[in-house]
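Each remark here refers to the structure printed beneath this line.
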Amino acid sequence: MLHDEVLAKARVLIVDDEEANSTLFLAMLNRAGFAFVEYESDPRRVLAHAQNIHPNLIVLDLQMPGISGFDILADRKNWDARLRDVPILVCTADSSAATNNRALAMGASDFVTKPIDRVEFVQRAHNLIETHVLQRQLEEQNFQLEGRVRERTAELQEINRSLETEIGTRKETEAALKQTEQRLRFLFASGPASIYSFSPFPPYEVTFVSENIRAQMGCEPEEFLANPAFRFERVHADDRARIEAGLQDIHLVDRHVEEYQIRHRNGSDRWIQDDVMIVRDHNGEPLEAIGAWIDVSERKWAEEALAEHARDLEAANLRLESFDRMKSEFVATASHEMRTPLTVIRENASQIRDGVAGDIPPEQDEMMGVIMRNCDRLGGLLDNLLDLRKIEAGQMALRRTRVDPATALQGCYEDFSATCSSKGIDLVLEAQDGLAPVLCDPGQINQLLINLLGNAVKFTPAGGRITLSASAVAEGAEFAVQDTGKGIDKDNIDRVFEAFCQVDRIEGPGVRGTGLGLTICKRIAEMHSTDIRLASSPGTGSRFSFLLPAWDEREGLATYIDDRWKNADNERLPATLLLLRPTVDRRLPIGKLSAIASTAFRAMDDGLETASLGLIAYVMRTDIAGVEKALLRLAEQRELYSIEYSVIELTHPQTAWGALEAARRQFKGFEPVRSDPSKPGVSSEPIRVAIWNNGISSVEQPGAIGKPNYVSQDALQPDSKG
């Protein structure tokens, strides 16, 4: 135990935002004989306060507003070395093992749980300070020892030093060394690792083993010291040959780390990490090997369990992928194979009903009608299966463009008017006046709306109402299909979009479907970067809605490039972006240029004309050489005034915005997007500018049209003529 005068000199810093707690801790410590105790209520001043008093112990409250005790523990790594060694006793009202373990893992030395037991608190503080003071004394002793050695060296060089003084100094040094050794043994025995030392040469005699080897291996230190082979006998048979072989060259390296199993005296196997360092003399020759045995069994067992679980998951995933491929192949094959006989059945039933094979009685006519209706239903199922497979496989082509919301709704309204009228359902069209165009694939959005309308018709009784609407929102336009049917229970709202799920379906006559319509709707919406919202409750009907972005020529241009590029990539075809525009004199209207280009390019691409940007974009399913051939055909067209063009090969590392950014750096005055650092650019692709003349400009042979005259962008002036 420490002397009272040493204890009285110990410095304690209490860190707690509540003054009552700090006062209580102060009283406890003062009563126990701690004379120098200060407290700090502001967590931000802990470091400054500690630097000022250099405490031997910090009492830290974990739960503080703003900066918690955990934050101070985390910041401790930035303190100077002397303060990082100060023990920390944490206090917390949370007695859970997780909190205590977390604090210890972050560098706390010990913990007490609120409400504080005075005796326990004082004892723990006393123990921590004692350990800290001992460590400080050990450092001081080592420092003093080094000083003594230096002094002794100087004394030996002096011929005047008497033998008695030399002997006395030696005895003092030996006493200090013995005291240091005792303290080191104490520290070794109290740590989690078993410390040992041995000769780095055969037979590798062990020269020291710390006392905690008893708990780690169940053996006595003397057993290792008496028999050089004893420690190898503890190594598991599977690892013994490897460990013995590694020792042969251990003196060649400064650090050697191994993990292997050992056999505890009780018969159990444990994993240890053996960390060995070689101590060398001033000539680099090995003197001794110092090692630490650390028990890592829990980690190794966890790693083995995790690896086994990962292997099971990988095997299960491979099986699922195989099943999914088999399912997709079966669906595709079955759908294609069933379509032909289904068409034959329906056609023959239709001809029989039309009297081609002779008159049939009313009963047979009704049966033929049942056959045809079920053929149509089965055909719809096959279509849905194929559509869903294409979407899931990423093979559904997306061709977004400028779409008028009112026109899109009108077509769906006309398709369902007769059906709703025949079933006594009121179909209402509500399109807000002045709706701005939206950006979408008209065919797929039409299919989405038709599926939603078809679903509404199934579940809306006679006398009910279905409302098909579109309204303006900040993002663009909201499309909605609302019915007055039976509605959907909240427990089933998430299930209605699952494949083959038909909520509240009952056996026998009634509503039938494929169970894929809403699934396809959801996938189409996701392809448009939106989602379908469903609001419904039993007895009030259902409302399905989704948002589409407003049309913008810049966004539309990038989307046009992205869609055509991905479609070409799905078909394993190259894709090249071609941008055309008249020169700055604009003698050739962009509409006229579009008509001329369409004739020259034939069916290579429909193109996108952007009036505000003053150019026409084409994504052609060919390489640059193919585009150059198309440009030569364009050069042969009459009435072609001077134009500029940009050719960019689309590759995987690019984005549509990146391709347009490359064109921007080549086309003067072309600004496809606003400056936005979040949209990545790409390196410049080969960009060419061609100027053709058809004789209206000043040329030597009016009317002659030659090959494009390629010039560098830097050499081209905005009003230059070729």
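The values are calculated or read from the model by the stated rules, or taken from the named source; none is laboratory data. Computed from a prediction, not measured in an experiment: that's the story for all the values here. Positions of Cβ are generated from backbone atoms using ideal geometry, with glycine treated the same way; all protein chains shown enter the neighbour counts. Just so you know, the surface numbers come from the protein's heavy atoms only, side chains and all, with ligands and any DNA or RNA stripped out. Shrake-Rupley method; radii C 1.70, N 1.55, O 1.52, S 1.80 Å.
Numbers below:
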{"read-out": "Local electrostatic count, P202, Cβ distance below 13 Å [Lys/Arg +1, Asp/Glu -1]", "value": "-3"}
{"read-out": "Computed E for W301/T540 - FRET, C-beta separation, R0 60 angstrom, nearest 0.05", "value": "0.60"}
{"read-out": "Rounded FRET efficiency, nearest 0.05, which uses the C-beta distance separating S268 from R311 and R0 of 25 Å", "value": "0.45"}
{"read-out": "For segment 45-84: accessible area per residue (Å², 1.4 Å)", "value": "46 Å²"}
{"read-out": "Positive minus negative residues near N227 (Lys, Arg vs Asp, Glu; Cβ under 14 Å)", "value": "-3"}
{"read-out": "Sulfur and carbon atoms: percent of accessible area, segment 95-171 [1.4 Å]", "value": "51 percent"}
{"read-out": "Inter-label distance, nm, simple model (7 Å from Cα along the C-beta direction), L145/I624", "value": "7.4 nm"}
{"read-out": "Dipole magnitude of segment 73-156 about its Cα centre (Cβ charges: Lys, Arg +1; Asp, Glu -1), debye to nearest 20", "value": "160 debye"}
{"read-out": "Cβ-based net charge around R299, under 14 Å, with every Lys or Arg adding one and every Asp or Glu removing one", "value": "-3"}
{"read-out": "Protection proxy ranking, peptides 288-297, 539-548, average beta carbon neighbours within 10 Å, highest first", "value": "539-548, 288-297"}
{"read-out": "For segment 1-141: relative contact order, % (alpha-carbon pairs under 8 angstrom, 6 or more apart)", "value": "22 percent"}
{"read-out": "Listed residues K490, K458 arranged by accessible area, highest first, probe 1.4 Å", "value": "K490, K458"}
{"read-out": "Surface accessible to a 1.4 Å probe, per residue, for the residues of segment 253-305, Å²", "value": "58 Å²"}
{"read-out": "Area projected by the alpha carbon convex hull of segment 1-155, averaged over all directions, nm²", "value": "10.4 nm²"}
{"read-out": "Rounded to the nearest 20 debye, dipole of segment 1-156 from Cβ charges on Lys, Arg, Asp, Glu", "value": "300 debye"}
{"read-out": "Cα-projected label distance for Q182 with L225, points at 7 Å along beta-carbon direction, nm", "value": "1.7 nm"}
{"read-out": "Where labels lie 7 Å past Cα in the beta-carbon direction, separation of K592 and D415 in nm", "value": "4.1 nm"}
{"read-out": "Sorted peptide list for 122-128, 366-372, criterion being average Cβ within 10 angstrom, highest first", "value": "122-128, 366-372"}
{"read-out": "Long pairs among K9/K77; K486/K522; K490/K522; K9/K178; K592/K629, criterion Cα-Cα beyond 23 Å", "value": "K9/K77; K9/K178"}
{"read-out": "Percent accessible area from carbon and sulfur atoms, segment 174-325, protein chains only, probe 1.4 Å", "value": "56 percent"}
{"read-out": "Extended-chain gain in nm, criterion 0.36 nm per residue less alpha-carbon gap, A97 and L573", "value": "165.3 nm"}
{"read-out": "Å² per residue, accessible surface of segment 528-598 at 1.4 Å", "value": "41 Å²"}
